[in-house]
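As structure tokens, the structure follows; a few thoughts come after it.
The values are calculated or read from the model by the stated rules, or taken from the named source; none is laboratory data. What you see is a predicted model; the values in this text were computed from it and never measured. Neighbour counts are summed over all protein chains in view; Cβ atoms, including those assigned to glycine, are modelled from backbone coordinates with ideal geometry.
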């Protein structure tokens, strides 16, 4: 007579399809970012104001802010892929933080210099509302697409993964924004951009949204 445990294992394993292993997180992150780069690059080439961006790249603070925003987005997305796996340490969440600090610092320096030359215009709302909507319009689809991709890993701590993914999407959206932002960033712009990123992170980490990871 067969052991009850053996029968249980036999019943549970009967007709079970083999599990397809996920690619390494770095490979999956690279592929996801490559798709975003292709789509984003096409959008920039067709609709971006490349002449204005080329002129602004003569400012070191702008160059550092632009590159650090891109690096922050890429590292945050990569960290989200790593943390979606149960055996990865929480320290991966710190991966994008140095680039994020450089991005905020360089943006702040540029805004401070503009404030010294035009103190009244630094707090003018202007087109900042359009920037806010741009970050949400680009960041929300990117975040949702990332969550759907990460869902296959079934993260144990979905909130952490969602926050990192939203940070990555917000940073990439802010990077793309600079190609449609034909004027220097003021203090008001910086505040609005940061608010847009914060709203996006809060929205994506909201429980009804991050259920996509479960």
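A few points about this structure:
- Within the stretch 7-25, the set of residues being at pLDDT 65 or above and surrounded by fewer than 10 Cβ atoms within 10 Å (Cβ to Cβ) comprises 20, 21.
- Candidate set from the stretch 128-148 (those that are closer than 14 Å to residue 191 by Cα and surrounded by 16 or more Cβ atoms within 10 Å (Cβ to Cβ)); member that is modelled with the lowest pLDDT: 128
- The one condition in (1) in contact (Cβ under 8 Å) with a residue 24 or more places away in the chain; (2) over 18 Å from residue 161 (Cβ atoms) that residue 45 fails to fulfil: (1)
- The condition (being assigned to a helix (DSSP H, G or I), within 19 Å of residue 28 (Cα to Cα) and either modelled with pLDDT under 90 or out of contact with any helix residue (DSSP H, G or I) (no Cβ under 7 Å at 6 or more places or on another chain) (or both)) is satisfied by just one residue among 151, 160: 151.
- Residue that is at pLDDT below 95, farther than 19 Å from residue 175 by Cβ and loosely packed, with under 13 Cβ neighbours inside 10 Å, where the choices are 86, 60: 86
- Meets criteria (part of a loop (DSSP other than H, G, I, E, B), farther than 23 Å from residue 137 by Cβ and either at pLDDT 75 or above or within 26 Å of the chain's Cα centre (by Cα) (or both)) for residue 28: no
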